[in-house]
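Working notes, structure below.
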Amino acid sequence: MTAVADVRPLRPGKAKLFFAGLLVLLLALTADVFLRDGLARLSDLLFDAFQRAAPRAATLDPGVLVVDIDEASLQRIGQWPWPRDQIGQLVDTAGELGAAAIAFDMVFTEPDRTSLGLQLQRLRAQGMDIRVPQEAVLDNDRLFAQAIARNPVVVGVAPSNEVERLLPPPLAGMAFAGSDPVRYLPGVGGGLSNLPMLTAAASGIGSFSFPPAHDNIIRTMPLVASATGRLYPGLGVEALRVAQGASGLMLRSSDASGESGAGPLALLSLKVGMLELPAVADGHFRLHYSGIPHMTVIPAWQLLQDDAGTLADKLEGRIVLVGTSAIGLRDIVATPLAAAVPGVNVHAELIDQAMNQQFLLRPDWARGAEVLLAIVSTLVLLLVLGSGRGLLSALALLVLGGVSLGGAWWSYRQHSLLLDPLPALLCQLTVFVTMMPALLFFGNREKRFVRSAFGRYLSPALVERLSHDASALQLGGENREISVLFSDIRGFTTLSETLAPDALTALLNRYLTPMSDVLLAHEATIDKYIGDAIMAFWNAPVDIAGHPRKACLAALGMAAAVDALNRERGSALKIGVGVHLGDACVGNLGSQQRFSYSAIGDTVNLASRVESLTKFYGVTLMVTEAVRAQAADLAFVEADRVRVVGRSEPVLLHVLLGDAQLAGEAGFGEIARQHAQMLEAYRAADFAAAQRILEVLCREPAAAPLSGLHALYAQRLEALCRNPPAHWDGIFTATSK
């Protein structure tokens, strides 16, 4: 055996390590480019967490309020849709109370079915003669349109490719600095709009469709939407225009005078009246949520009451958004701050941000700064990795990652900038995960040698201990209490005579692999394979809590694995497993030239005898009383008191039939009780009574797993009844191993 101390690891040169790290860094940056869409989703989640941790500072007196068609309003006014004359009354009331603009986050596409004119037509068609005053207005939609015309009202449209209807022309004028955004913004071919008479009476038309998102969280809103070759301002933008009395909007594109013009065309900003809003990709506006905790929300029913005038101080000079929070009307969306909020609140957030000029920005230099941070921080990490000190390198990774993440948080918190730390974190982690194993590989050759040399025949726990302390590789042992397990295949000698050597080898490999998996899963140390036999033990070289029970569970697992193997391969293998608990000498046993970690002593010998007796008693799993006492919750029945070969003292043996669940079943309890009665009569020399109990017991289906044992006792009792012994102690003496 080669001495561990004679082998020295060869570390790679630092220059080679550094250049390898540069290559990994380049690959990580390339991956960041090609996986940008997927990584952008992670970035969104990170920025959402930033907003939850520190929302935008809430405005104490927002210039926007919501008139909410809520559940209470539906209960008081009636089910939706309400008669349009009532909605017109709501508009007139809001206008009379001084609303700067009234915007509807909804669309009225169909005529009002509750109009008196339609009802009169139905009644007259049934032959009724009904007369109404000539001057009466019987069309609720006309009444609603008249109210819209009297007030600064913005009606909504919903651009969509799912609807082929043409949209009315926008009412806001558009001026462009640079290209017309229709050239580069994604457009749709139609959408939903209001009745023509409502549109004609309105002061503005705004788009209220939310952009689709991979997780349905609203993070951005279109400042303008392109539909049927025209540009429609967002509902909040149009409400701001109408409230300021502005005639149009100014849109600045990336090819405007004074802009760099590099890269694809994009909308940079939108100016509405005195306010300017920055844009991001596809003409969207990035929302910086505050939750608007101080915003007034008025239930719609209050504006339809006689005392609505008391709300003047709340509405005067404000932009009024009419929307709904009623669950049945399905205008509930998710935001970074909440899983469910009324959609109208998102429009209110945009208006509040615009009025207070509080924006969440991602500057055009952000991507370059992120890549530079990734490169510089990863180069620093590579220099630390070159020292070959694993703990220091891990600490450097944590510090650099913390700096990257902390810098992004600081930029957001102090300057409302969104700088993405994920490219830097990706590069740092990729380089660390890739290069650190190489450092450990070359820096720990002694450990690798021990694992390679001894891992094939020592337990993983011992190999790990030896890899840290090679001085343990010396002769000697210690006395420990261990649980020892022996198993083998029944009839293996006969089976081996019928198989060719290669087929026998394949069979053994198929059998030993799942057996080993079960043992290792139950924390066993596999001592050796002796042909088809396996020896394993617990509680050495490391302490294993509850090891007798784990040995029993491993035995049950081995039996189950054999059953599974038989079903899979169509074979009929049977095994016997014996388990004993006691003191043994464990350690490195052998000669100076070759040794292995094993266990010897009477405990090991008795475990082997118990395994041999499973065939005699016709059972699969058998343990000694010492084992059963430490695993009393499992399903055991007593087998016999036996004097095994080489021992004068009898051993009490038990058959292991199942786990704690089986032990708790009433059927098993009854079988165990009858079996115990049979053994009691047997040991009391009342052989006839034992026979009677056994005959009843053998007819029980639940006793089938004990059929071999009961057949043995049936033979014994028959012989004992014919020739009762003069001296009887109820102990069986085994004559062979």
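Across the chain, Cα pairs under 8 Å and at least six residues apart give a relative contact order of 12 percent. Taking the longest Cα principal axis of the chain as reference, the axis of helix 140-150 is set at about 70 degrees. With the convex hull drawn over the C-alpha atoms of segment 284-420, the volume per residue is 149 Å³.
Highest average first, the peptides 555-562, 692-699 ordered by how many other beta carbon atoms sit within 10 Å of their residues are 555-562, 692-699. The Cα atoms of segment 276-352 define a convex hull whose projected area, averaged across directions, is 6.7 nm².
Computed extension length for Val542-Leu35: 177.9 nm, one decimal, from 0.36 nm per residue of separation with the Cα-Cα distance subtracted. Peptides 606-614, 297-305, 106-114, 37-45 ranked from most to least packed, by the mean per-residue count of other Cβ atoms within 10 Å: 606-614, 297-305, 106-114, 37-45.
Stretching Leu372 away from Arg76 to a fully extended chain increases their span by 100.5 nm, per 0.36 nm per residue minus the current alpha-carbon distance.
With all pairs of different C-alpha atoms in the average, the Kirkwood value for the hydrodynamic radius of segment 541-696 is 17.5 Å.
In plain terms, the chain from Ser257 to Ala685 could stretch by 142.7 nm, reckoned as 0.36 nm per residue minus the Cα-Cα distance. Considering helices alone, the calculated mean residue ellipticity of the chain at 222 nm is -14000 deg cm²/dmol, with DSSP H runs of length four and up weighted by -39500 (n - 2.57) and normalised per residue.
Here segment 275-323 has 44 percent of its accessible surface on carbon and sulfur atoms, given a 1.4 Å probe and all protein chains in place.
A convex hull fitted to the Cα coordinates of segment 150-233 yields 114 cubic angstrom per residue.
The Ala438 and Glu497 beta-carbon pair, evaluated with R₀ = 60 Å, returns a calculated FRET efficiency of approximately 0.70. Taking the inverse of the mean reciprocal distance over all distinct Cα pairs, the Kirkwood hydrodynamic radius of segment 604-736 comes to 15.3 Å.
The calculated P(r) of the chain, using every Cα pair and 20 Å bins from 0, goes 13, 26, 18, 22, 17, 4, 0 in percent. When only Cα pairs below 8 angstrom with a gap of at least 6 residues are kept, segment 278-342 shows a relative contact order of 21 percent. Note on Lys550: aspartates and glutamates with a C-alpha under 13 Å away, same-chain residues under 8 apart excluded, are Glu523, Asp633, Asp659.
For segment 619-688, the ratio of Cα radius of gyration to the globular rule of thumb 2.2 N^0.38 Å stands at 1.18.
The values are calculated or read from the model by the stated rules, or taken from the named source; none is laboratory data. For clarity, every value in this text was computed on a predicted model and none was experimentally measured. Cβ coordinates were reconstructed from backbone atoms using ideal geometry, including for glycine residues, and neighbour counts include every protein chain displayed. Calculation scope for accessible area: heavy atoms of the full protein, side chains included, ligands and nucleic acids excluded. Shrake-Rupley method; radii C 1.70, N 1.55, O 1.52, S 1.80 Å.
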